[in-house]
1. Would you please list the contacts, defined by Cβ atoms under 7 Å and residues six or more apart or on different chains, that run from a residue in region 72-87 that is over 17 Å from residue 118 (Cα atoms) to a residue that is in a helix (DSSP H, G or I) and modelled with pLDDT of 95 or more?
2. Take residue 145 and tell me if it is more than 29 Å from residue 160 (Cβ to Cβ), modelled with pLDDT of 90 or more and not assigned by TED's automatic domain parsing to the domain that holds residue 244.
3. Counting only residues that are outside the structural domain of residue 19 (by TED's automatic domain parsing) and within 15 Å of the chain's Cα centre (by Cα), give me the helices (runs of 4 or more DSSP H) lying completely in region 293-381 with at least 3 of them.
4. Among the candidates 81, 20, which residue alone is in contact with a strand residue (DSSP E or B) (Cβ under 9 Å, 6 or more places away or on another chain), under 30 Å from residue 246 (Cβ atoms) and crowded, with 18+ Cβ neighbours inside 10 Å?
5. Only one of (1) in contact with a helix residue (DSSP H, G or I) (Cβ under 8 Å, 6 or more places away or on another chain); (2) buried (at least 22 other Cβ atoms within 10 Å of the Cβ); (3) at pLDDT 90 or above fails for residue 293. Which number is that?
6. Would you check which residues across region 296-315 are touching a helix residue (DSSP H, G or I) at 6+ places or on another chain (Cβ under 6 Å) and surrounded by fewer than 20 Cβ atoms within 10 Å (Cβ to Cβ) and list them?
7. Looking at (1) in contact with a helix residue (DSSP H, G or I) (Cβ under 6 Å, 6 or more places away or on another chain); (2) buried (at least 21 other Cβ atoms within 10 Å of the Cβ); (3) assigned to a loop (DSSP other than H, G, I, E, B), find the lone condition where residue 148 falls short.
8. Does residue 36 satisfy the condition of being in contact (Cβ under 8 Å) with a residue 24 or more places away in the chain, assigned to a strand (DSSP E or B), assigned by TED's automatic domain parsing to the domain that holds residue 77 and within 15 Å of residue 62 (Cβ to Cβ)?
């Protein structure tokens with residue numbers, strides 16, 4: 001099939017850019033011709049809270065054939081992009097939906113693809129509604145997504161959310177595929193800790209990724225005193241740029257007497273810097289207050305690392321290995337109990353426990369097969 005795939009890729013950074021790149025590679029590996037369209041400008045500087053939306057990694061995830069046509073603030077480029085898509089004469093178009101910021105662009109492209117190009121349009125919905133939703137976000141999402149003929153969501157919860165907006169929508173649940181592109185050559189825990197200057201014998205918890213309120217770092221901080229009371233010395237690594245000011249978290253760390261137990265790495269971590277953190281950790285903790293998919297969870301699975309998370313919907317129907325722990329969201333007591341139980345095991349048992357058995361369940365081939373089946377059906381209609 002000739003497929004148009006639209007989304008951010010390098011030089012842009014972040015989970016959606018990684019997802020687009022990996023999906024592009026998976027589509028190409030299945031023999032499809034893919035026109036990959038990305039952005040001249042993704043976000044205006046005032047909207048992006050970090051230092052930059054560009055990836056400064058020395059070893060970024062690259063694609064060699066992206067067309068950087070869309071400027072988020074220039075509607076002329078939206079029309080030009082559609083004209084180029086029409087010249088390509090695709091069999092289908094795949095758009096990604098993750099934030100209402102893109103609503104004007106996606107609404108126009110969706111309308112033109114359906115009414116003028118008359119080709120199947122699929123939406124991959126990373127979030128049907130944003131994590132910090134406003135009252136108008138439902139109507140914005142409905143206005144854009146109504147142009148889609150087929151939808152991929154990452155959990156049953158997201159499927160219900162989409163059907164509440166579009167009751168007749170054709171929706172498949174395909175969990176977020178695994179991110180195994182960072183793993184590289186394995187490191188021993190001792191090697192990784194030496195690289196990071198971490199003590200060799202202290203249990204290490206890892207909270208990884210950009211820090212936003214919905215990701216539940218505060219719940220983990222509230223659980224940490226109980227964990228230390230039960231186990232003694234424990235170190236929490238918080239590795240990632242803060243979406244808002246870190247001052248609130250720093251004040252709470254001080255108030256809880258955790259200054260010597262929490263190490264903040266408040267910056268974007270380059271791709272080549274990722275592996276030591278996951279190899280050094282005894283347990284990756286993703287205590288999200290609201291989420292149905294997570295690139296951090298899938299990165300942990302890509303490393304085969306032991307994982308504690310609240311994103312239960314990601315694992316529907318799966319038998320979980322001993323190294324994958326689930327707790328309710330916003331429950332610091334349950335979080336503390338689960339961490340204590342896991343870290344109370346012998347070190348050898350902790351090292352042997354992990355999430356590697358889950359990797360096959362989260363393959364990119366599964367996502368591509370779902371898209372193929374739907375798009376072939378729609379193309380044949």
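The values are calculated or read from the model by the stated rules, or taken from the named source; none is laboratory data. These figures come from a predicted structure and were not determined experimentally. Cβ atoms come from the backbone with ideal geometry, glycine included; neighbour counts cover every protein chain shown.
1. These pairs meet every condition: 72/105; 78/105; 78/108; 78/109.
2. Here the answer is no, as residue 145 does not meet what is asked.
3. By residue number, 295-303.
4. Selected residue: 20, the only one of 81, 20 that is in contact with a strand residue (DSSP E or B) (Cβ under 9 Å, 6 or more places away or on another chain), under 30 Å from residue 246 (Cβ atoms) and crowded, with 18+ Cβ neighbours inside 10 Å.
5. The failed condition is (3).
6. 313
7. Result: residue 148 passes all but (1).
8. For residue 36, the condition - in contact (Cβ under 8 Å) with a residue 24 or more places away in the chain, assigned to a strand (DSSP E or B), assigned by TED's automatic domain parsing to the domain that holds residue 77 and within 15 Å of residue 62 (Cβ to Cβ) - is met.
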